[in-house]
Amino acid sequence: MLERKVAVVTGGAKGIGKAIADEFRKAGAQVYIIDLLENDCYVGDLADQAVLEDFARKVIADGGRVDYLVNNALPLMKGIDTCTYEEFNYALRVGVTAPFYLAKLFAPYFAPGAAIVNISSSRDRMSQPQTESYTAAKGGISALTHALAVSFAGKVRVNSISPGWIDTDYTVYDGPDAAQQPAGRVGNPMDIANMVLYLCSDRAGFITGENICIDGGMTRQMIYHNDFGWTLAGDGR
């Protein structure tokens, strides 16, 4: 299905990124990953400009072009109480600057019909306390998506996915953890990988600049105190 296609996946050594890379391989694509974790392609820090440039050179030298770029690498999550200036900037370099710069580096090499998929988060529209660095990065990549889609109009389609609760160990939950989700279960990496491959396919040829939230319906569920068993406890924080 994707024979002779070249796919790049950041943060592809484990979790959602590994599931995406594995599905591309199963479909016949040549896959290049970059991760801080040990892998058989490229180990490096996406926050480092020189690393991004070296990785891009390797991909082009080996693959000759890029058909699909999936920006999945996980930014640092720290909050307003403990996150330093340097840590906040680091999160943005991994979560926003690296996707921008890889798109820029690969711009002359995107093949006809190419696609970029950015992995954001449902935290781009809702938050828990003490998550500012991660949430800002995910909000940034969601906005970057539609900006790139307009700049790459007619050349590269650019979309983003916002996962909700995805258990990367494929744990099957029951009880409240599952029941609170309108879909009736917690998500797993294949819920995201399947959408990535769809968005990269010709079947999604009229979709660009879009964000698709895959969260079991959680962000569509209105919650009020004492409504359907929901009760606000403690000091309200």
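The values are calculated or read from the model by the stated rules, or taken from the named source; none is laboratory data. From a predicted model like this one, the values you see are computed outputs, not experimental measurements. When we count neighbours, we look across all protein chains shown, and the Cβ atoms used for this are built from the backbone with ideal geometry, even at glycine.
Looking at region 117-133 only, could you name the residues that are out of contact with any helix residue (DSSP H, G or I) (no Cβ under 6 Å at 6 or more places or on another chain) and without any contact (Cβ under 8 Å) to a residue 60 or more places away in the chain?
Within region 117-133, 128, 130, 131, 132 qualify.
Can you find a residue in region 1-11 that is more than 21 Å from residue 107 (Cα to Cα), in contact (Cβ under 8 Å) with a residue 12 or more places away in the chain and not aromatic (Phe, Trp, Tyr)? Don't jump to the end; show me each part of the working.
Applying the first criterion (more than 21 Å from residue 107 (Cα to Cα)) to region 1-11 yields 1, 3.
Add one more test, that the residue is in contact (Cβ under 8 Å) with a residue 12 or more places away in the chain, and what stays is 1, 3.
Filter once more, keeping what is not aromatic (Phe, Trp, Tyr): 1, 3.
There is at least one residue in region 1-11 that is more than 21 Å from residue 107 (Cα to Cα), in contact (Cβ under 8 Å) with a residue 12 or more places away in the chain and not aromatic (Phe, Trp, Tyr).
Within region 34-81, work out how many residues are among the β-branched types (Val, Ile, Thr), over 24 Å from residue 148 (Cβ atoms) and under 20 Å from the mean Cα position of the chain (by Cα).
Taking region 34-81 and keeping what is among the β-branched types (Val, Ile, Thr), we get 34, 43, 51, 59-60, 66, 70, 80.
Within this subset, residues satisfying the condition of being over 24 Å from residue 148 (Cβ atoms) are 43, 80.
The next check asks that each one be under 20 Å from the mean Cα position of the chain (by Cα); those that pass are 43.
Matching residues across region 34-81 total 1.
Of the residues 155, 138, which is at pLDDT 95 or above, farther than 21 Å from residue 17 by Cα and basic (Lys, Arg)? So that I can check it myself, show each step before the final result.
Numbers: 138 fails: farther than 21 Å from residue 17 by Cα.
None of the others qualify; the one that does is 155.
Out of the helices (runs of 4 or more DSSP H) lying entirely within region 1-118, which hold 3 or more residues that are basic (Lys, Arg)?
Values: elements: 15-26, 49-63, 85-92, 98-106.
Hits in region 1-118: 15-26.
Quick grid of which residues meet (1) closer than 21 Å to residue 112 by Cβ; (2) surrounded by 14 or more Cβ atoms within 10 Å (Cβ to Cβ); (3) in contact (Cβ under 8 Å) with a residue 12 or more places away in the chain:
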position	(1), (2), (3)
53	no, no, yes
57	no, no, no
61	yes, no, no
65	yes, yes, yes
68	yes, yes, yes
79	no, yes, yes
83	no, yes, yes
90	no, yes, yes
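Mind telling me which of the residues 133, 162 ends up being outside any helix (DSSP H, G or I) and of a type in the set (S, T, N, Q)? Even if it seems obvious, please write down each step before you answer.
Numbers: 133 fails: outside any helix (DSSP H, G or I).
Just a single option satisfies the conditions, and that option is 162.
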